[in-house]
Amino acid sequence: MIYRIILIITFFWLGHTFLPAQEKGMASYYSNRLHGRRMSDGTRYHRDSLICAHKSYELGTMLKVTNIKNGKSVIVRVADRCHGRRIIDLSYAAAEEIGIISSGVAMVKVEKYKAEKGIPYRREIDDDLPELDFEITEKDSYFKPNWGKDGKKDNDKKNSEKKRHKHKKNRK
């Protein structure tokens with residue numbers, strides 16, 4: 001008898017710890033009167049944003065909320081705390097996306113959302129693009145830039161300075 005009780009307790013403890021975190025319960029949505037009021041994370045509530053209030057998840061956590069009745073789901077950010085018997089309060093836009101506006105409340109499944117990381121856009125088809133040939137040429141020994149030719153520019157500068165200097169002397 002004691003072994004059975006220990007086995008059952010162990011099963012429930014292991015089952016609770018290693019199962020993916022998801023909850024099922026009733027969800028409702030914020031009324032329009034709350035539009036513009038501050039939430040627990042400091043932001044203002046906007047009825048068209050995809051946010052929610054949850055009892056235990058950290059503020060800023062992304063959650064996937066699925067309506068069990070119709071299978072529609074939405075990804076929301078936790079921005080507030082809720083209380084009462086409902087497990088989550090959704091913004092008006094989030095409630096509209098999963099179809100609970102008409103009923104007011106619905107049975108939902110809530111799970112933590114993990115964004116897929118990887119290549120944001122990957123081409124499916126490889127086009128036959130031409131291969132680019134970067135030709136490397138040898139250094140031309142006969143080419144010298146203007147600034148490197150026998151100091152011609154330096155002489156021009158010196159001559160122009162002398163002319164300006166003479167012009168100033170003649171004025172005085």
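The values are calculated or read from the model by the stated rules, or taken from the named source; none is laboratory data. The model shown is predicted, which means the values in this text are computed figures rather than measured ones. Virtual Cβ from ideal backbone geometry, glycine too; neighbours counted across all protein chains shown. Protein only, heavy atoms only, side chains kept; ligands, DNA and RNA dropped before computing areas. Shrake-Rupley method; radii C 1.70, N 1.55, O 1.52, S 1.80 Å.
Restricting SER91, SER40, SER56 to residues that are modelled with pLDDT under 90, touching an Asp or Glu at 6+ places or on another chain (Cβ under 8 Å) and hydroxyl-bearing (Ser, Thr, Tyr) narrows the list to SER40.
No other residue among ARG85, ARG37, ARG47 is exposed (fewer than 14 other Cβ atoms within 10 Å of the Cβ), over 19 Å from GLN22 (Cα atoms) and either free of Cβ contacts under 8 Å to residues at least 40 places away in the same chain or not small (Gly, Ala, Ser) (or both) apart from ARG37.
Within region 50-68, restricting attention to residues that are outside any strand (DSSP E or B) and open to solvent by 50 Å² or more (accessible area, probe 1.4 Å), the residue that is nearest to ILE98 (Cα to Cα) is ILE68. Within region 104-126, residues that are open to solvent by 100 Å² or more (accessible area, probe 1.4 Å) reach partners that are at pLDDT 65 or above and hydroxyl-bearing (Ser, Thr, Tyr) with beta carbons closer than 8 Å, at six or more positions or on different chains, in the pairs LYS112/TYR57; LYS112/THR61. Could you tell me whether any residue of region 69-78 is touching a helix residue (DSSP H, G or I) at 6+ places or on another chain (Cβ under 7 Å), modelled with pLDDT of 90 or more and not in a strand (DSSP E or B)? Yes: region 69-78 contains one or more residues that are touching a helix residue (DSSP H, G or I) at 6+ places or on another chain (Cβ under 7 Å), modelled with pLDDT of 90 or more and not in a strand (DSSP E or B). Give the residues of region 11-34 that are part of a loop (DSSP other than H, G, I, E, B) and either open to solvent by less than 60 Å² (accessible area, probe 1.4 Å) or modelled with pLDDT of 80 or more (or both), sorted by residue number. Within region 11-34, TYR30, SER31 qualify.
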